[in-house]
Amino acid sequence: MKKFENVYQDAALMRKVLLGEANETEQQELEKRLTECPDLQKVYEQLQNGETLKVAFGEYQNYSSKKAYQSFLQKIGQMEPKEQKRRSLRIWWYAAAAVATLVVALSFYMSNYIAPEEESKALIQPGTQQAQLTLPDGSIIDVDKKEVNVIVDGVRVKYKEGVLSYQSTVTTQHEEKSVEEQPAKSNELVIPRGGENTVVLADGTTVHLNAGSKLTYPVRFVGKRRTVILEGEAYFDVVADEKRPFVVQTHLGEVIVLGTAFNVNAYADASVCYTTLVRGKVKFSTPYTADITLSPGEQAVVSANGSEKRVVDLEEYVGWVNGVYTFNNRSLGEIMQTFERWYDIQVYYETPALRDIAYSGSLKRYGTINSFLDALELTGDLTYKISGRNVLIYDGIKDQE
């Protein structure tokens, strides 16, 4: 079976045929494509179903920006029916809107779930498992390029298949007491842009680190608190220990927990820190504001100017750990800032206003960024070009004039 070779051309071609705008050559081209690709034939048959178009029209709000959607509603609103002929015209506009929607939704779906055989634009691939480990003696190891299996301060440090782990080698109570009386030595794990990695700390706590992040932590935990320092984003699954709370220090305060799962987004170049609780209970303590205690599904938003607690969609903030980015009414500037770190790219905008366009949707974390940009391009808000690791975003509406 042939895969979808160019989802965007296929979707646009189907739209023209369904609306009666295609010439004989285009109709023959579509028939050929449908014969070559049974899956595409199934999609085309679904498009001919009125109920499918109705559902697709509703989905337009999810795949298009507010600006594009409102613009389309205005077009429809200009055609108030005064007679039967105009009423039919208005119905046609709704059908046209639904088909246009389907082009976007279909393209987004096929880009995410069906790997194309050919792409006309340069592909920007997602990040990979990579990290740089700094040991207490100052030596630096690229863990993804060199085998790690060393003993540090009575703890075996190993790296295998994207996971850095720490396991105590102490076997007797006498050795354990002797080790605990000594100050703990720290390691530093740096995740570059375009990277990710996981570390299992000496207490069994698992930390998933996102691109452009740094975690400083002791090789072994001693004292009354298990403290680590985070710059960037990480998802923590903390092993419970009632006698020793787990503490994540950031540049805006610290998260204190006993045993729980939560996400912290605290990049050094950001003025806001987001702590999102998945299960258990955590407290965010800051010198700027009163402490915030979170329950599952809640998020603490903290800055130097104040703080707030709110209920959020967990998938939007922790979905990256499971391989999916989800955005709900987020500005293009925010979305692309996340992608700049993960895809190790630099994004440039023709005008500052492009940053403010709001979008909703999702993208597989391990897919190319092109599927996301191509789907957005179909809304008509923007166009883009790729030059090396640079993404250039232009005003699509102006280009269409």
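The values are calculated or read from the model by the stated rules, or taken from the named source; none is laboratory data. Because the structure is a prediction, the values reported are computed rather than measured. Positions of Cβ are backbone-derived with ideal geometry, glycine not excepted, and every protein chain shown enters the neighbour counts.
Listed conditions (1) within 30 Å of R279 (Cα to Cα); (2) in contact with a helix residue (DSSP H, G or I) (Cβ under 8 Å, 6 or more places away or on another chain); (3) of a type in the set (G, A, S) are all met by G323, apart from (2). Evaluating A375 against the criteria (1) closer than 26 Å to L209 by Cβ; (2) in contact (Cβ under 8 Å) with a residue 60 or more places away in the chain leaves one unmet condition, (1). Among the candidates E161, E175, the residue that is modelled with pLDDT under 75, surrounded by fewer than 20 Cβ atoms within 10 Å (Cβ to Cβ) and either touching a Ser or Thr at 6+ places or on another chain (Cβ under 9 Å) or in the same structural domain as D237 (by TED's automatic domain parsing) (or both) is uniquely E175. Any residue at all in segment 286-298 that's buried (at least 16 other Cβ atoms within 10 Å of the Cβ), in contact (Cβ under 8 Å) with a residue 12 or more places away in the chain, of a type in the set (D, E) and farther than 26 Å from D203 by Cβ? No: zero hits.
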